[in-house]
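The next block holds one structure in the form of structure tokens; read it before the comments.
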Amino acid sequence: EVQRRRLEGGLVPAGGSLRLSCTTSRRTSSNNGMGWFRQAPGKEREFVATINWRGADTYYADSVKGRFTISRDNAKNTLYLQMNSLKPEDTAVYYCASALSSSASTDYSRYRYWGQGTLVTVSS
């Protein structure tokens, strides 16, 4: 396996790739669903991807399906988002979060603990 980039965030060119990783700031259990959300300027927070506690079930927003991959390493208590073929419209602050149950969820209201936001800027 090749990890093209391992970076908290930053500036990347259109068509490029970036890998985000995080641990939620206030959640220690690995037996919960987790997800990624993002918020672009002038827009509400939107769902990006989610994964259940065992990593067997994943769901993606239509806008990122086929380009982004969510994964987790429970031993490291770490959540990942591999982003490929980035577009300028992917520019946003990205948040990782831990859900209220073990299942995956696309609803931000189902999440209790949120990680620090990471700004990702995709240039055109």
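The values are calculated or read from the model by the stated rules, or taken from the named source; none is laboratory data. Just so it is clear, the model here is predicted, and its values are computed rather than measured. Because the Cβ atoms are built from the backbone with ideal geometry, glycine has one as well, and the counts that use them run over all protein chains shown. Note: areas computed on protein heavy atoms with side chains; ligands, DNA, RNA excluded. Shrake-Rupley method; radii C 1.70, N 1.55, O 1.52, S 1.80 Å.
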Quickly run through the range 65-123 and pick out the residues that are touching a residue at least 60 places away in the same chain (Cβ under 8 Å), over 17 Å from residue 55 (Cα atoms) and assigned to a loop (DSSP other than H, G, I, E, B). 84, 85, 86, 87, 107, 115, 116, 117
Between residues in the range 37-50 that are over 17 Å from residue 105 (Cα atoms) and residues that are open to solvent by less than 20 Å² (accessible area, probe 1.4 Å), which pairs lie under 7 Å by C-beta distance while being six or more apart or on different chains? 39/92; 40/92
Selection within the range 84-119 - in contact with an Asp or Glu (Cβ under 7 Å, 6 or more places away or on another chain) and aliphatic (A, V, I, L, M): 104
Hey, among the residues in the range 46-79 that are in contact with a strand residue (DSSP E or B) (Cβ under 6 Å, 6 or more places away or on another chain) and at pLDDT below 95, which one's surrounded by the most Cβ atoms within 10 Å (Cβ to Cβ)? 79
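For the range 82-90, check the following and say yes or no: at least one residue is under 19 Å from residue 15 (Cα atoms) and touching a Pro at 6+ places or on another chain (Cβ under 9 Å).
Here is the first cut: in the range 82-90, the residues under 19 Å from residue 15 (Cα atoms) are 82-90.
Narrowing the set further to residues that are touching a Pro at 6+ places or on another chain (Cβ under 9 Å) leaves 86.
Yes, some residue in the range 82-90 is under 19 Å from residue 15 (Cα atoms) and touching a Pro at 6+ places or on another chain (Cβ under 9 Å).
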When you scan the range 13-21, do you find a residue that is in a loop (DSSP other than H, G, I, E, B), at pLDDT 90 or above, closer than 21 Å to residue 123 by Cα and of a type in the set (S, T, N, Q), even just one? yes
